[in-house]
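The values are calculated or read from the model by the stated rules, or taken from the named source; none is laboratory data. Everything quoted here is computed from the prediction, not taken from an experiment. Glycine also receives a Cβ, built like all others from the backbone with ideal geometry; neighbour counts cover every protein chain displayed. Just so you know, the surface numbers come from the protein's heavy atoms only, side chains and all, with ligands and any DNA or RNA stripped out. Shrake-Rupley method; radii C 1.70, N 1.55, O 1.52, S 1.80 Å.
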Amino acid sequence: MALKFDNLTDLFAHGFDTVIDVRSPAEFAEDHLPGAINLPVLDNQERAQVGTIYKQQSPFLARKLGAALVFRNAAHHVETALRGFDGGWRPLVYCWRGGQRSGSFVWMLREIGWRAEVVEGGYRTYRRLVNAALYDVPLAHRLIALDGYTGTAKTELLHRLRSEGVQVLDLEGLAGHRGSLLGRMARPQPGQKAFESALARALNGLDPSRPVVIEAESSKIGERILPPSLWAALRHAPRLTLSAPLAARTAYLVRAYDDILSDGERMMDLLGVLRAFRGNAVVDGWFDLIRAGDKHGLTRALMVQHYDPAYDKSRKAASAPVLAELTLDTLDYAGLERAAAQIAGIVQAQAFSSAI
């Protein structure tokens, strides 16, 4: 009998020692259950080969070849990846739909003596649960959004708030992107499904009865799209609006974005697309600063001529209430520590007022 899971909370709290995804490496790379390991019983080429035989020749021949490949690969995993597990080990196994791949693998594990189980419906069950949580029902969490001009250290403040005991949701961390035109990181962003898996797992670990602080974002972070339930909640979340002197923001951004600011060719490639919005003269001025190696001058110009006007425009269209406006005189260690403590106090007051 396969195990049936009706919600993400139960699935994430499965209680097994290891979750094994026996799908092909390509399927696993696109998305998988958080924490799962990949022990494919058919690799990418083998899966394609079996599928071709199934469609073009015979389902019987496909199953015959598939069985030989599955047990051959399963035996290899037992001899290698699983060789160190003792008799008390309990694995939870899934494939695409809880069918032959996971069933065959679990049969072998059980014959050895391990208490293995299969996820009913496989990955498709998990994906339906993720879709339901992020697309079909309103978000259960109460969000408070950190808002403010570019360079007010919102992401760093989120990390400091976590150490203050505040619940936070770091969307940029989950999406692998710093959320702006220049926000691409060295590692590629996860795919949309993988992003949603990470998001669903993070939300599931947060207490809906307590506020969750999140950075105010647009509907996309890099190439990743915020699911409807989260985007709706974020658009209406009350704001904590941050401000800081232009000089402090410039110094902070030069430190935080030194990697991209040091890559002149990449900077020009990225900023060149803004000619249609800011004009040739403005963009040519940025390029001159890049060629001169003037990181501070370029950063200041980008804020004054691009980021700040864009933020002002977006704020005029926003309708979310403002809980408080905080001015950060400095964005060094001490200044951010003070700001985090102040924000934590506001959030705790919100939690208390909602509880009475």
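Figures for the structure shown
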| quantity | calculated |
| --- | --- |
| Selected residue (criterion: surrounded by the most Cβ atoms within 10 Å (Cβ to Cβ)) from residues of the range 213-229 that are under 22 Å from Leu181 (Cβ atoms) and of a type in the set (A, V, I, L, M) | Ala216 |
| Residue check for Asp308: acidic (Asp, Glu), open to solvent by 70 Å² or more (accessible area, probe 1.4 Å) and either within 22 Å of Ser163 (Cα to Cα) or in contact (Cβ under 8 Å) with a residue 24 or more places away in the chain (or both) | no |
| Qualifying residue in the range 236-246 (condition: modelled with pLDDT of 95 or more, in a helix (DSSP H, G or I), on the phi < 0 side of the Ramachandran plot and not acidic (Asp, Glu)) | yes |
| Scan of the range 130-144 for residues that are open to solvent by 80 Å² or more (accessible area, probe 1.4 Å) and part of a helix (DSSP H, G or I), ordered by number | Tyr135, Asp136 |
| Helices (runs of 4 or more DSSP H) enclosed by the range 1-108 - at least 2 residues per element that are more than 19 Å from Thr125 (Cβ to Cβ), within 33 Å of the chain's Cα centre (by Cα) and of a type in the set (D, E, K, R) | 44-56 |
| Members of the range 84-93 found to be buried (at least 19 other Cβ atoms within 10 Å of the Cβ) and over 21 Å from Asn204 (Cα atoms), listed by number | Pro91, Val93 |
| Any hit, the range 5-27, residues being within 17 Å of Gly99 (Cβ to Cβ), surrounded by 16 or more Cβ atoms within 10 Å (Cβ to Cβ) and of a type in the set (Ser, Thr, Tyr) | yes |
| Answer residue from the range 49-64, given it is surrounded by 16 or more Cβ atoms within 10 Å (Cβ to Cβ) and modelled with pLDDT under 90 and is farthest from Ile20 (Cα to Cα) among those | Tyr54 |
| Single match in Asp284, Asp288 (criterion: at pLDDT 95 or above, acidic (Asp, Glu), exposed (fewer than 12 other Cβ atoms within 10 Å of the Cβ) and over 30 Å from Trp231 (Cα atoms)) | Asp284 |
| Unique residue being loosely packed, with under 14 Cβ neighbours inside 10 Å and under 27 Å from Asp207 (Cβ atoms) when the list is Val322, Val347 | Val322 |
| Residue among Glu46, Glu79 that is modelled with pLDDT of 95 or more, at negative phi, surrounded by fewer than 21 Cβ atoms within 10 Å (Cβ to Cβ) and of a type in the set (Asp, Glu) | Glu79 |
| Any hit, the range 171-179, residues being part of a strand (DSSP E or B) and touching a Gly at 6+ places or on another chain (Cβ under 6 Å) | yes |
| Qualifying position, being of a type in the set (D, E, K, R), in contact with a Ser or Thr (Cβ under 9 Å, 6 or more places away or on another chain), open to solvent by 20 Å² or more (accessible area, probe 1.4 Å) and in a loop (DSSP other than H, G, I, E, B), among Arg210, Arg127, Arg187, Arg115 | Arg210 |
| Residue in the range 248-281 that is surrounded by the most Cβ atoms within 10 Å (Cβ to Cβ), counting only those that are under 23 Å from Ala153 (Cβ atoms) and among the polar types (S, T, N, Q) | Thr250 |
